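Some notes on the structure that comes next.
Computed from the coordinates by the stated procedures, all read-outs in this text should not be read as laboratory data. For clarity, every value in this text was computed on a predicted model and none was experimentally measured. Methodologically, a virtual Cβ is constructed for each residue, glycine included, from the backbone with ideal geometry; neighbour enumeration extends over all protein chains shown.
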Amino acid sequence: MDAQPKLVGLAEALPESAWKALPHKAGPEIKTQPRQKPENVKEAVVKEKEYRNLRLKSQEVAEFDYQPGKCHRSYRMVVVRKNISVEKGEQVLLDDVRYFFYITTKTAEEMAAEEVVEFVHGRCDQENVIEQLKNGVNAMRMPVNDLMSNWAYMAITAQAWNMKSWYGLLMPRRTRGLEIVKMEFRRFLHTIILLPAQVVRSGRRLIYRVMAYNDWLGDFFSCWERLRKLKPT
């Protein structure tokens, strides 16, 4: 729900004992040795040029009962309080406290407050997928006038999004592959698909010459080698 003034007032009126720390979602288990974190170049540029920067300091979760005006009963309201530090260069300007509200019919026995927040964030990912199907691959812009043809068109264009995700999941470097999975389709199209190349027939073989370079080219070739080694079943 939107952070309406009434809801913000109810959240601010909660005692501090009602709030508990909201942990970040744990990443995948490291099976080898942890890698060294790369230097945050973007953060250094933001500080050097004294841009306005928002940094999350902490986040807590709480809950209370709330009855919307047109409802006949109260519902469980889960609220997340985020303490955001507003910085400019090396100087801290102020601390900005923001509230995010999630209304649910799930009881505390069925789903903890942290699980409610994680579930809603997962639904947000699905909404992003729907948005990409609509405006990325244009799967919902029906070009014909009957239901069967429109269904076929939507299934074919949705397959383009599925192949992008499949390509990212097969990429040897997992971090880069997950970036492909989350990448908008238009960026993926210009970064990976529309790479200019030259096809040359020499003797009894075909030679593909890539005519441009970007920072995804190394990952493209490593994924290509992995695909060549896969055996069809």
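What to note about this one:
- Span from the the stretch 115-144 Cα centroid across to the the stretch 165-233 one, whole angstrom: 25
- For the pair Glu131 and Asn40, the difference between a 0.36 nm per residue extended length and the Cα-Cα distance amounts to 29.8 nm.
- Pairs of Cα atoms farther than 14 Å apart, the stretch 97-149, %: 68
- Principal axis box of the stretch 14-95, alpha-carbon based, largest edge first, Å: 54, 41, 25
- Taking a span of 20 Å or more along the helix axis (Cα atoms) and a mean Kyte-Doolittle hydropathy of at least -1.0 as the rule, the DSSP H helices of the chain that qualify are 113-135, 147-170.
- Förster radius 25 Å - calculated FRET efficiency between Val120 and Ser85 (Cβ-Cβ, nearest 0.05): 0.55
- Whether the stretch 1-150 is rounded, prolate or oblate, judged on the alpha carbon gyration tensor where a/c under 1.5 counts as rounded: oblate
- Evaluated over the stretch 156-229, the Cα radius of gyration and Dmax, each in Å: 13.4, 41
- Hits among lysines - C-alpha to C-alpha of Lys82 under 20 Å, sequence gap 8 or more where chains match: Lys6, Lys20, Lys25, Lys57
- Extension gain for Tyr208-Met163 works out to 14.0 nm (0.36 nm per residue, less the C-alpha to C-alpha distance).
- Span per principal axis, largest first, for the Cα atoms of the stretch 86-233 (Å): 69, 56, 33
- Estimated inter-spin distance, Cys71 and Arg52, nm [label 7 Å along Cα→Cβ]: 3.4
- Cα-projected label distance for Asn145 with Thr32, points at 7 Å along beta-carbon direction, nm: 5.9
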